[in-house]
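The values are calculated or read from the model by the stated rules, or taken from the named source; none is laboratory data. Please read all numbers here as calculations on a predicted model, not as lab measurements. Positions of Cβ are backbone-derived with ideal geometry, glycine not excepted, and every protein chain shown enters the neighbour counts. For the accessible areas, the whole protein counts, side chains as well, though only heavy atoms, and no ligand, DNA or RNA atoms are used. Shrake-Rupley method; radii C 1.70, N 1.55, O 1.52, S 1.80 Å.
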Amino acid sequence: MNRTRVVVIGAGIVGAACARELALAGFDVLVVDRGRPAGGTTSHGEGNVLVSDKGPGAELVLAQLSARLWPRVVAEIAEADPRAAAATEFDPKGGIVVATTEAGAGALLAFAEAQAAAGVRTERLSAAAVAAAEPALTREVTAAVRYPEDAQVQPAGAALALLGSALRHGARLRTEAEVTGARVRGGRITGVGIGGEVAEADVVVNAAGPWSGPVSARLGAPIAVRPRRGEVLVTTPMPGVVRHKVYDADYVDAVGMGSGELQTSAVVESTWGGTVLIGSSRRRVGFDDTIRPEVLGAIAAKAVRLFPALADAAVMRAYGGFRPYVDDHLPVLGEDPRLAGLWHATGHEGAGIGLSLGTARLLRELLTGVEPSMPVAEFTVDRPAVLAEGEA
């Protein structure tokens, strides 16, 4: 049995997924979190498990790997803990992307064609098929593509299920445990400071999400992962009004933009409980957690254009969270070239829920010397966007 000591920093969904994979592989895993499990970015997301929003390339391949893993992992968890598996609310309901302008239709269909060439299942929908699939959707649709592989989970429930599985396989958890620094010997990290103590480790995994940048700086190997904020509106239950994850084709462009200015697009989906989640926004404001009415208004206006019935919906709450943003919009996965034993698993921005399982599987394979399930060269730490000027 491999009893390599691993400290995973972060008990969000990426950290929980990594802890589970490593515990299953026999590593001696300690998960530490500055707060509570799933208490940060994970609990402030929509639970997207998407292939529809990623163009051909490494991130799409990672999304495809993760999409294959999600039903398998939920089934594995169900064997030991059916209630935890049910709490993930895993729902392979598929997604529909729509365009409402002629220009948007051309761009959407070209994007879908490129994805199909990369192995993504796509289905172009006629006007009648769109109306049948989503009766409440606007009829001003110029093109629509269904993505059967898109799914959704309840993010906090999924993270806790993964973490619970890790604990059942021998992992340990410390909460309210702020990492303050690293212990280094001979150019290798050998532990992390937590308060006045040192947690000894052979491997440290930085899975702190938007806080990965500050955490990495404390460990002596800073990376350029910064917070990018998003907000979501939640309606009172409206069962059956929205049947898939539906979003405007503008969403893909908003994801890929690097501007710090506000970007909004219409992203609408329902939960198992019938509430409707309405997003999305992206803006760079540091760790300012102020919820701004003008941002919520912009989100709501775009959502109503897609689903006119939402104009009369009662909004019961709004929430926001920070996403771990990297300038080249790719995750960071691998060992830090400046400090042996320090690994990073972060930078997924708004896709961390969906990409968590693939990321964790690749981390396990890399640490155990198994051929990775996909090439990881584009995710390495030593690329310019990660070791940006002032961060290296």
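Of all residues being among the small types (Gly, Ala, Ser) and either touching a Leu at 6+ places or on another chain (Cβ under 6 Å) or not in a helix (DSSP H, G or I) (or both) in region 52-62, which is farthest from ASP91 (Cα to Cα)? Just the residue, please. Can you show your working first?
Initial filter on region 52-62 (among the small types (Gly, Ala, Ser)): 52, 55, 57-58.
Next, only the ones that are either touching a Leu at 6+ places or on another chain (Cβ under 6 Å) or not in a helix (DSSP H, G or I) (or both) stay: 52, 55, 57.
Values: SER52: 16, GLY55: 23, GLY57: 25 Å.
Checking each candidate, the answer is GLY57.
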### Message
Restricting to region 1-51, give me the number of residues that are open to solvent by 10 Å² or more (accessible area, probe 1.4 Å), in a loop (DSSP other than H, G, I, E, B) and β-branched (Val, Ile, Thr).
### Response
1
### Task
Go through region 266-320 and give me each residue that's more than 20 Å from PRO135 (Cβ to Cβ) and hydroxyl-bearing (Ser, Thr, Tyr).
SER280, SER281, THR290, TYR319
### Query
Can you name every residue in region 93-150 that is small (Gly, Ala, Ser), open to solvent by 50 Å² or more (accessible area, probe 1.4 Å) and under 18 Å from HIS244 (Cα atoms)?
SER126, ALA127, ALA128, ALA132
### Message
Restricting to region 188-208, count the residues that are more than 11 Å from TRP343 (Cα to Cα) and in contact with a helix residue (DSSP H, G or I) (Cβ under 8 Å, 6 or more places away or on another chain).
### Response
1
### Message
With the structure loaded, tell me whether GLY297 is of a type outside the set (A, V, I, L, M) and in a strand (DSSP E or B) or whether it fails that test.
### Response
no
### Message
If I filter region 175-190 down to residues being at positive phi and either modelled with pLDDT under 95 or more than 27 Å from the chain's Cα centre (by Cα) (or both), which single residue comes out as least open to solvent (accessible area, probe 1.4 Å)?
### Response
GLY187
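So, restricting to strands (runs of 3 or more DSSP E) that lie completely within region 191-276, which ones have at least 2 residues that are closer than 23 Å to GLY347 by Cβ and modelled with pLDDT of 95 or more?
On the way: elements: 197-200, 203-206, 226-235, 245-248, 263-270.
So the answer is 203-206, 226-235.
Would it be correct to say that GLY297 is surrounded by 20 or more Cβ atoms within 10 Å (Cβ to Cβ) and of a type in the set (Gly, Ala, Ser)? Before the answer, list the steps.
Working: surrounded by 20 or more Cβ atoms within 10 Å (Cβ to Cβ): no; of a type in the set (Gly, Ala, Ser): yes.
In short, no.
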### Summary
Scanning region 300-326 residue by residue, those farther than 14 Å from THR264 by Cβ, open to solvent by 30 Å² or more (accessible area, probe 1.4 Å) and in a helix (DSSP H, G or I) turn out to be PRO308, ALA309, ALA311, ASP312
